[in-house]
1. Do we find that Thr168 is under 30 Å from Val42 (Cβ atoms) and in contact (Cβ under 8 Å) with a residue 60 or more places away in the chain in this structure?
2. Within the stretch 74-106, can you find the residues that are assigned to a loop (DSSP other than H, G, I, E, B) and either crowded, with 18+ Cβ neighbours inside 10 Å or free of Cβ contacts under 8 Å to residues at least 24 places away in the same chain (or both)?
3. Would you be able to tell me the number of residues in the stretch 20-47 that are assigned to a helix (DSSP H, G or I) and among the acidic types (Asp, Glu)?
4. Quick one: is Gly158 in the same structural domain as Leu144 (by TED's automatic domain parsing), over 20 Å from Asp141 (Cα atoms) and in contact with an Asp or Glu (Cβ under 8 Å, 6 or more places away or on another chain)?
5. Being aromatic (Phe, Trp, Tyr), more than 16 Å from Asn139 (Cβ to Cβ), in a helix (DSSP H, G or I) and in contact with a helix residue (DSSP H, G or I) (Cβ under 7 Å, 6 or more places away or on another chain), is that true of even one residue in the stretch 206-217?
6. Select, from Glu74, Glu63, Glu95, Glu118, the only residue that is farther than 28 Å from Ala184 by Cβ and modelled with pLDDT under 80.
7. Please state which one of Glu197, Glu166 is within 28 Å of Ile117 (Cα to Cα), among the acidic types (Asp, Glu), assigned to a helix (DSSP H, G or I) and in the same structural domain as Phe135 (by TED's automatic domain parsing).
8. Considering only the stretch 201-220, state which residues are touching a Phe, Trp or Tyr at 6+ places or on another chain (Cβ under 7 Å) and charged (D, E, K, R).
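The values are calculated or read from the model by the stated rules, or taken from the named source; none is laboratory data. In this text the structure is predicted, and so the values were computed from the model without any measurement. Because the Cβ atoms are built from the backbone with ideal geometry, glycine has one as well, and the counts that use them run over all protein chains shown.
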Amino acid sequence: MPFDEDSPFDRIREFYLYQEPALLGAIRLGDRREARRVINHVLVHIYAAGQERSELLKGLLLELVVMISRAAVEAGASQSEVLGMRFAHLTELAEIDDDEALAVWLRSTLERIFTAIERHQRFEVPLMVAGTLKFLRENLDRDLSREEVARHVGVSPGHLSESLKERTGRSFVELLRETRIQRACELLAQTEKPLSEIAVACGFCDQSYFTHVFRDMRGMTPRQYRGQSHSGAVSK
């Protein structure tokens, strides 16, 4: 996305809003790597704003953290803990006055929120939801229906859908698609397998449809993602 030098704040906000679904989805699913990737892209655009950042961009970052916090609560983090962290984040952000501190703050904020999610999930992730996610990851190379997965975890299809929506904020179809794309990201970054082979391994009917879904969910093509990953632009 090109950077508009005449309105850096508006352009950065537009870029963040474009990336927001991927970021919130990654947080709900506990995908630190994908969340880091989005944050890194936001930081790159913030740096490009130079001295125009000022307090307006601090407001944008606070808005970003509020959205992350809401997603964290949806993912299972303690609401009281997250609210307390948000106050601390506001205090820290007010004192930031340089690029290095800004990057450290945003990344550390993300890590703290993920830690809060994981600490809560260790005790409260329903076995049914955990079993569903595990089954999806282990069977991505073939067609998967809600009915089959529900039978595997021992619940009705309706109950499965309700539990997944409550826990992850996504329907069964949305969660399956996100899990496929997450696995594709791993293969793109860690292997040199052809895109057609990755598409099949992740359960897509063909490379064209894989590329369409990937671009829709990650804002870039699989080839572009691989290039950024290999160049170090995508956080590991």
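1. Working: under 30 Å from Val42 (Cβ atoms): yes; in contact (Cβ under 8 Å) with a residue 60 or more places away in the chain: yes.
Criteria met by Thr168.
2. We begin by selecting, within the stretch 74-106, every residue assigned to a loop (DSSP other than H, G, I, E, B); these are 75-78, 95-98.
Selection gives Ala75, Gly76, Ala77, Glu95, Asp97, Asp98.
3. Keep residues of the stretch 20-47 that are assigned to a helix (DSSP H, G or I), which gives 20-28, 32-47.
Remaining after also requiring among the acidic types (Asp, Glu): 20, 34.
Counting residues in the stretch 20-47 that are assigned to a helix (DSSP H, G or I) and among the acidic types (Asp, Glu) gives 2.
4. Values: in the same structural domain as Leu144 (by TED's automatic domain parsing): yes; over 20 Å from Asp141 (Cα atoms): yes; in contact with an Asp or Glu (Cβ under 8 Å, 6 or more places away or on another chain): no.
Against the criterion (in the same structural domain as Leu144 (by TED's automatic domain parsing), over 20 Å from Asp141 (Cα atoms) and in contact with an Asp or Glu (Cβ under 8 Å, 6 or more places away or on another chain)), Gly158 does not qualify.
5. Keep residues of the stretch 206-217 that are aromatic (Phe, Trp, Tyr), which gives 209-210, 214.
Cutting the leftovers down to more than 16 Å from Asn139 (Cβ to Cβ) gives us 209-210, 214.
From what is left, the residues that are in a helix (DSSP H, G or I) are 209-210, 214.
Cutting the leftovers down to in contact with a helix residue (DSSP H, G or I) (Cβ under 7 Å, 6 or more places away or on another chain) gives us 210, 214.
Within the stretch 206-217, one or more residues are aromatic (Phe, Trp, Tyr), more than 16 Å from Asn139 (Cβ to Cβ), in a helix (DSSP H, G or I) and in contact with a helix residue (DSSP H, G or I) (Cβ under 7 Å, 6 or more places away or on another chain).
6. Working: Glu74 fails: farther than 28 Å from Ala184 by Cβ; Glu95 fails: modelled with pLDDT under 80; Glu118 fails: farther than 28 Å from Ala184 by Cβ.
Residue meeting the stated conditions: Glu63.
7. Working: Glu197 fails: within 28 Å of Ile117 (Cα to Cα).
Going through Glu197, Glu166 in turn, just one is within 28 Å of Ile117 (Cα to Cα), among the acidic types (Asp, Glu), assigned to a helix (DSSP H, G or I) and in the same structural domain as Phe135 (by TED's automatic domain parsing): Glu166.
8. Arg218
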